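The next block holds one structure in the form of structure tokens; read it before the comments.
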Amino acid sequence: MTVNLQGSESIIGSKSFTAVAINCAAKAGEWIKSKLGAHASLSLKSSPHDLVTEVDKGSEKMIRSLILTHFPHHSFLGEEGAGAGPEASRQALEAALQAEDYLWIVDPIDGTTNFVHGFPGYVVSIALAYRGEVIVGVIYDPSRDEMFVAEKGKGAYVHGKRMQVDEADKLGASLIATGFPADHLGSLPVNLRGIQAVAPRVRNVRVAGSAALHLAYVAAGRLSGFWEIGLSSWDVAAGVLMVQESGGRVSDTSGAAYDLRVRNIAATNGAVHEELLHTLQAAGAAGGK
Ligand code: 2AM
Ligand code: CA
């Protein structure tokens, strides 16, 4: 780690940030998997497409309490602690960024719709930011028992092996993913325009239902790129670091540098980045601010 644990930062056993993140993701992921097909409640958040179960809430509670046990002075932002909708998500991020230098950004289940339907592709995503810059990112996929881990400046790994983005040098040789967030009024039409423009130009398109998993797959070289309009910080923070540490490129869909406030994201192997952005922009599919 470039940022060291100091004094009161680590209360129990001086565990590293990354070790705590991995431990939380593994524990929460196993628990989520044990609840597959057995969740009791299903609530709607901002719309009928925006689902939450008691398993999302339980997972967040478990992760939060473990993290705060180790790092009681850190700040914590989780999807289920924030209100529903883009504005609430923006406000929750701003408040959390003001609070402390160290901020944990957690999606307790990314891919809740998959989880509810028993479709593999739901993950736990945990990121740690220091003064707004992501320094640790962990994504755990319990269906396939895959732990993706990235540390700023130290690379990204899966199954203990360093990840590397793929070598596609044009969209025509690329497998590209996107997604449909719950906001059907704002994001859906833009994402559909994007698909219409991108699909004829690429080898194929995948829509697996979890932004975090898509980003981990870009890092692992299983996808050449991913874009999506209307995401929140917890969907992407861990995966963004993973792509960067695997030699890829991340920006917003207008080409501006990534920061935690970015909601319209493009992440690729680097080589196909400009072509993807141009395709989206030419189709009016890059979204607004
Ligand atoms: P979730 O499963 O945690 O809700 C699917 O296209 C991706 O969009 C998933 O990563 C999903 O995360 C995310 N997503 C769904 N609804 C969203 C919303 N209202 N705001 C931001 N991201 C959302
Ligand atoms: Ca999410």
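The values are calculated or read from the model by the stated rules, or taken from the named source; none is laboratory data. Source: prediction; values computed, not measured. So basically every Cβ, Gly included, is an ideal-geometry build from the backbone, and we count neighbours across all protein chains shown. Remember, those area values only see protein heavy atoms, side chains included, never the ligands or the DNA or RNA. Shrake-Rupley method; radii C 1.70, N 1.55, O 1.52, S 1.80 Å.
In the list Ile32, Ile67, which residue meets the criterion of being modelled with pLDDT of 95 or more, surrounded by 14 or more Cβ atoms within 10 Å (Cβ to Cβ) and within 26 Å of Ala208 (Cβ to Cβ)?
Going through Ile32, Ile67 in turn, the sole match is Ile32.
Out of curiosity, is Ala84 more than 16 Å from ligand 1 (Cβ to nearest atom) and open to solvent by 30 Å² or more (accessible area, probe 1.4 Å)?
When the stated conditions are applied, Ala84 does not pass them.
I'd like to check something: does the range 171-191 contain any residue that is within 17 Å of Glu79 (Cβ to Cβ), outside the structural domain of Gly239 (by TED's automatic domain parsing), touching a Pro at 6+ places or on another chain (Cβ under 7 Å) and buried (at least 19 other Cβ atoms within 10 Å of the Cβ)?
Taking every residue of the range 171-191 in turn, none turns out to be within 17 Å of Glu79 (Cβ to Cβ), outside the structural domain of Gly239 (by TED's automatic domain parsing), touching a Pro at 6+ places or on another chain (Cβ under 7 Å) and buried (at least 19 other Cβ atoms within 10 Å of the Cβ).
Pairs needed: first member in the range 197-214, over 27 Å from Ala238 (Cβ atoms) and of a type in the set (D, E, K, R); second member anywhere, assigned to a strand (DSSP E or B) and more than 8 Å from ligand 1 (Cβ to nearest atom); C-beta distance under 9 Å; at least 6 residues apart or different chains.
Correct list of pairs: Arg201/Ile176.
Restricted to the range 100-134, and to residues that are out of contact with any Lys or Arg (no Cβ under 9 Å at 6 or more places or on another chain), more than 13 Å from ligand 1 (Cβ to nearest atom) and open to solvent by 60 Å² or more (accessible area, probe 1.4 Å), which residue is nearest to Tyr217 (Cα to Cα)?
It comes out as Arg131.
Looking at Glu100, Glu80, which is the one that is within 20 Å of the chain's Cα centre (by Cα) and of a type in the set (Asp, Glu)?
Glu80
Suppose the filter is outside the structural domain of Val262 (by TED's automatic domain parsing), on the phi < 0 side of the Ramachandran plot, open to solvent by 30 Å² or more (accessible area, probe 1.4 Å) and at pLDDT 95 or above; does Arg90 pass it?
no
I need every pair where a residue in the range 173-188 that is farther than 9 Å from Gly225 by Cβ has its Cβ under 8 Å from the Cβ of a residue that is in a loop (DSSP other than H, G, I, E, B) and among the basic types (Lys, Arg), sequence separation at least 6 or different chains.
Qualifying pairs under 8 Å: Ala173/Arg203; Ala182/Lys45.
Among the numbered criteria (1) within 13 Å of ligand 2 (Cβ to nearest atom); (2) part of a helix (DSSP H, G or I), which single criterion is violated by Asp107?
All conditions are met except number (2).
Among (1) open to solvent by less than 20 Å² (accessible area, probe 1.4 Å); (2) away from ligand 2 (no atom under 15 Å from the Cβ); (3) over 24 Å from Trp104 (Cβ atoms), there is one condition Arg203 misses while meeting the rest; what is its number?
(1)
I need a count of the residues in the range 119-143 that are charged (D, E, K, R) and out of contact with any Gly (no Cβ under 9 Å at 6 or more places or on another chain).
Total satisfying the criteria: 2.
Report whether or not Glu167 is among the acidic types (Asp, Glu), touching a strand residue (DSSP E or B) at 6+ places or on another chain (Cβ under 7 Å) and open to solvent by 10 Å² or more (accessible area, probe 1.4 Å).
Against the criterion (among the acidic types (Asp, Glu), touching a strand residue (DSSP E or B) at 6+ places or on another chain (Cβ under 7 Å) and open to solvent by 10 Å² or more (accessible area, probe 1.4 Å)), Glu167 does not qualify.
Go over the candidates Gly209, Gly230, Gly255 one by one and state the one that is part of a loop (DSSP other than H, G, I, E, B) and away from ligand 1 (no atom under 16 Å from the Cβ).
Gly255
Yes or no: Val190 more than 16 Å from ligand 2 (Cβ to nearest atom) and assigned to a strand (DSSP E or B)?
Judged against the criteria, Val190 is not a match.
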